[in-house]
Amino acid sequence: KAGVTQTPRYLIKTRGQQVTLSCSPISGHRSVSWYQQTPGQGLQFLFEYFSETQRNKGNFPGRFSGRQFSNSRSEMNVSTLELGDSALYLCASSLGPGTEGEKLFFGSGTQLSVL
Amino acid sequence: SQKIEQNSEALNIQEGKTATLTCNYTNYSPAYLQWYRQDPGRGPVFLLLIRENEKEKRKERLKVTFDTTLKQSLFHITASQPADSATYLCALDGGSARQLTFGSGTQLTVLP
């Protein structure tokens, strides 16, 4: 079974631009979560989608948004990029509510650099 | 406010010894706790999950304990190998199943 796929792997943008990151979950997984990882703050929860609905949202500004499609694939968007948005963005999939649904399976991430 | 602390940023041990990593938390009442392994440039990999009503969980050379009174989890790797070298993260549910709060991690190096 294929793992979680994130594209692109690396991305370089300039301040003020916007960016869209993509995530394909493991087949059969209906929940997709996004995390931001930086050396200073570690792993921080952005949001979670299940059945195309955002179920939870972390403490990030409205510039960070996401969506989930009917095939469970997900995208996250960051608008008006700031230097501090430079980070590794990780997508994780899981089965969803119920037993075993707490286990997260992470992709390798998208390394975003904002210049 | 909620806080998770992992005992040290880095831990070096000799091959064959048991590595013990600590995760302490405050202002939490988690339903479960998880441990993940992360290698450089990769996403975290799930290792073990232990629920609040469980004291101990084992998987091959890995063992995790969970003491809700002490608000502490211990993660053990027995007969450690250089391939076990990685950063290990503990994570607690943040009130919702997939909204995990992660510790800052402990970088383990197993010396041959």
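Restricting segment A:6-65 to trypsin sites (Lys or Arg not before Pro) that sit in a DSSP loop and have at most 12 other Cβ atoms within 10 Å of their own Cβ leaves A:Arg9, A:Arg15. Its Cα gyration tensor gives chain B an equivalent ellipsoid. The semi-axes, each the square root of 5 times an eigenvalue, are 23, 15, 12 Å from largest down. Convert 10 °C to kelvin, take the viscosity as 1.306 mPa s, use the Kirkwood radius over C-alpha pairs of the protein assembly as shown as Rh, and evaluate the Stokes-Einstein diffusion coefficient in µm²/s, rounded to a whole number. Translational diffusion coefficient: 88 µm²/s. If I model chain A as equal point scatterers sitting on the Cα atoms and use the Debye formula, what is log10 I(q)/I(0) at q = 0.21, 0.24 Å⁻¹? Debye output, listed in q order: -1.14, -1.44. In straight-distance terms, cross-link reach from A:Lys57 covers every one of the lysines whose alpha-carbon lies under 30 Å from its own, apart from those fewer than eight places away in the same chain; here that gives A:Lys1, A:Lys13, A:Lys103, B:Lys3, B:Lys71.
Once both labels are positioned 7 Å from their Cα atoms along Cα-to-Cβ, the gap between A:Ser70 and B:Ser1 label points is 4.2 nm. Label separation (B:Leu111 vs B:Thr69): 3.7 nm, computed from points 7 Å beyond Cα along the C-beta direction.
Listed by chain and number, the aspartates and glutamates placed with their C-alpha closer than 18 angstrom to that of B:Lys55 are B:Asp67, B:Asp93; residues fewer than eight positions away on the same chain are left out.
Give, in whole angstrom and from largest to smallest, the semi-axes √(5λ) of the equivalent ellipsoid of segment B:1-47, with λ running over the eigenvalues of the Cα gyration tensor. Mind showing how you got there, number by number?
Numbers: eigenvalues 104, 47, 24 Å².
Calculated on Cα positions only, the semi-axes equal 23, 15, 11 Å.
Positive-end ranking of A:Gly40, A:Phe50, A:Gly3 along the dipole of segment A:1-58, with charges on Cβ about the Cα centre, is headed by A:Gly40.
B:Tyr28: net charge of surrounding residues, Cβ under 12 Å, Lys/Arg +1, Asp/Glu -1, itself excluded? Value of the local net charge: -1.
A crude spin-label estimate for the pair B:Glu60 and A:Ser79, with each label 7 Å from Cα along the Cβ direction, gives 4.6 nm.
Of the trypsin sites (Lys or Arg not before Pro) found in segment B:32-110, those in coil by DSSP whose Cβ has at most 12 other Cβ atoms within 10 Å are B:Lys55.
Say a site is exposed when it is one of the GluC sites (Glu not before Pro), sits in a DSSP loop, and has at most 10 other Cβ atoms within 10 Å; what is then the longest site-free stretch of chain B?
Numbers: sites that count: B:Glu9, B:Glu60.
No qualifying site falls inside B:61-112, the longest such stretch.
Shown for B:Leu21, A:Leu11: other C-beta atoms within 10 Å of each C-beta, ranked fewest to most, produce the order A:Leu11, B:Leu21.
Throughout, read-outs are computed from the coordinates displayed, never taken from laboratory work. Keep in mind that what you see is a predicted model, and the values were worked out from it rather than measured. Note: ideal-geometry Cβ built from the backbone for every residue, glycine included; neighbour counts use all protein chains shown.
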